[in-house]
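The values are calculated or read from the model by the stated rules, or taken from the named source; none is laboratory data. Bear in mind that the values here come from a model prediction, so they are computed numbers and not experimental data. Ideal geometry is used to build each Cβ from the backbone, glycine not excepted, and the neighbour counts take in all protein chains shown.
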Amino acid sequence: MPKIGSFLPGELLVGDWSAMPKYVTLAAMYDDDDPIVLAVDDELDSPLDRLEPADSESEPLPDPEAMLLLLASPEAAQRMQAARAFCEVADERAVVPLIALLDDVCPLVRVSVAYALGHNPSPHAVEPLIAQLASDWNGYVRKGLVWALGNCRDRRSLQPLLQALSTDVAAVRLWAASALVQLIQLSYEDLVMAVPPTIEALRRDEVAAVRSNCAWTLGQLCRELPGNVIYATAVDALLEAMVEDEDLGVQEDAKAALLRLGDPRGLQTIEELELEGLC
């Protein structure tokens, strides 16, 4: 099964995805040497993934009235605290002030706002999230924006997510591949647009975890496709990944996607490989 950092897709990819952590370090958010590049070569899971979630059974939930006021605080730490609070508390009144903070000067605030909007999804937030994804220099923030767009489940996010899958840093590509499945009410034309770039990423992406998530995504999206050329190409790509990918995890995820699709050609190939002890 595909992974995001150290998490399984059932934990993060469908519906829940992950709570906003209590804090991230300033060093992780500011990189004076190269502010645009997320530390891809070091690890795919950022400090956002490794830290404890903000909610705790031993702590009372934040007061939404107080947190709404803090969103307008001149202090970045207080704005960040307030945004994090709305990762725990759902309140539609927070959507508008959170949107206003998407371009906050402090990246710690921006990443907190992205996760807060993901926990308070609104159709009004989709276009501002898309705009910030296109302009934000910080990879951790873009990762949160992709997560939020997936949770908004709006087809307007399709093209920006495909762009992120094709061109962004690995940690963002990882989440973009999975966010595609979060989108609802995708038309046939949308699927035709989404599947080929996902196939390309499965075949070409240099990061195994991204390829794994692409395999998982194809196993979901192609269930809605008729048996046309695009569907057949997706099955071909999954078969190639199952047999030829250098990473065992990608092989397993491609096999799981084929089993999920129930495609006769894929099932026959799996059976033949199993009989030969190759799968």
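Key figures
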quantity	calculated
Residues that are among the charged types (D, E, K, R) and either under 23 Å from TYR188 (Cα atoms) or touching a strand residue (DSSP E or B) at 6+ places or on another chain (Cβ under 6 Å) (or both), drawn from the range 215-258	ARG223, GLU224, ASP236
Which listed residue, of PRO128, PRO160, is over 14 Å from the mean Cα position of the chain (by Cα) and either on the phi > 0 side of the Ramachandran plot or not in a loop (DSSP other than H, G, I, E, B) (or both)	PRO128
Odd one out for ALA177, checked against (1) of a type in the set (A, V, I, L, M, F, W, C); (2) in contact with a Phe, Trp or Tyr (Cβ under 9 Å, 6 or more places away or on another chain); (3) surrounded by fewer than 23 Cβ atoms within 10 Å (Cβ to Cβ); (4) modelled with pLDDT of 95 or more	(3)
Residue satisfying condition, being at pLDDT 95 or above, under 10 Å from ALA116 (Cβ atoms) and basic (Lys, Arg), within set ARG79, ARG84	ARG84
Residue satisfying condition, being of a type outside the set (S, T, N, Q), in contact with a helix residue (DSSP H, G or I) (Cβ under 6 Å, 6 or more places away or on another chain) and surrounded by fewer than 24 Cβ atoms within 10 Å (Cβ to Cβ), within set VAL126, VAL105	VAL126
Residues being more than 15 Å from TYR231 (Cα to Cα) and modelled with pLDDT of 95 or more - total across the range 181-202	1
Pick from the range 255-272, criterion under 18 Å from ILE230 (Cα atoms) and among the small types (Gly, Ala, Ser), ranking: modelled with the highest pLDDT	ALA257
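For every residue, the table says whether it meets (1) crowded, with 21+ Cβ neighbours inside 10 Å; (2) outside the structural domain of GLY144 (by TED's automatic domain parsing); (3) within 29 Å of LYS143 (Cα to Cα); (4) aliphatic (A, V, I, L, M).
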| site | (1), (2), (3), (4) |
| --- | --- |
| ARG204 | no, yes, yes, no |
| CYS214 | yes, yes, yes, no |
| GLN220 | no, yes, yes, no |
| LEU225 | no, yes, yes, yes |
| MET242 | yes, yes, yes, yes |
| ASP263 | yes, yes, no, no |
